[in-house]
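This report refers to the structure that appears directly beneath it.
The values are calculated or read from the model by the stated rules, or taken from the named source; none is laboratory data. Keep in mind it's a predicted model, so treat the numbers as computed, not measured. Cβ coordinates were reconstructed from backbone atoms using ideal geometry, including for glycine residues, and neighbour counts include every protein chain displayed. What goes into the accessible areas is simple: the full protein's heavy atoms, side chains included, and nothing from ligands, DNA or RNA. Shrake-Rupley method; radii C 1.70, N 1.55, O 1.52, S 1.80 Å.
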Amino acid sequence: MIQVSVILPIYNGAKTLANTLDSLVVQTYSDFEIIACIDGSMDNSEHILKHYVSKFKKLTILKNKINRGLG
């Protein structure tokens with residue numbers, strides 16, 4: 001199978017993050033990883049992501065201390 005990487009940029013996305021992650025981890029295609037980048041979020045996003053690491057072992061969390069935006 002081909003490995004797929006899903007890049008998930010997050011900036012203060014705690015309100016919808018759990019639903020997004022739930023949708024990703026129940027996919028029928030299983031050969032993929034999730035790379036989540038917290039981009040200076042000031043909400044509960046990091047805590048939510050750390051909870052999902054126990055559910056989905058192929059989740060990598062990256063964290064920017066400040067918001068770097070699209071540029």
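What the table shows:
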{"item": "Under 5 Å, built H, 5+ apart or other chain: amide partners of Ser41", "result": "Asn12"}
{"item": "Ellipticity estimate at 222 nm from DSSP helix runs (n ≥ 4, -39,500 (n - 2.57)) divided over the chain, nearest 500", "result": "-9000 deg cm²/dmol"}
{"item": "HN-Hα J in Hz across region 55-67 - Karplus 6.51, -1.76, 1.60, θ = phi - 60°, x for Gly and Pro", "result": "8, 9, 5, 9, 10, 10, 10, 10, 9, 9, 5, 10, 6"}
{"item": "When region 1-66 is reduced to its Cα atoms, the Kirkwood hydrodynamic radius in Å", "result": "12.1 Å"}
{"item": "For the chain, size of Cβ-based charge dipole, Lys and Arg +1, Asp and Glu -1, in debye", "result": "180 debye"}
{"item": "Accessible surface of the chain [probe 1.4 Å, protein heavy atoms]: carbon and sulfur percent", "result": "58 percent"}
{"item": "Leu8 long-range amide H proximity, modeled H, under 5 Å", "result": "Ile35, Ala36, Cys37"}
{"item": "Degrees, to the nearest 10: 14-25 long Cα axis against longest axis of the chain", "result": "20 degrees"}
{"item": "Phe56 paired with Glu33, simple spin-label distance in nm, labels 7 Å along Cα-to-beta-carbon", "result": "1.4 nm"}
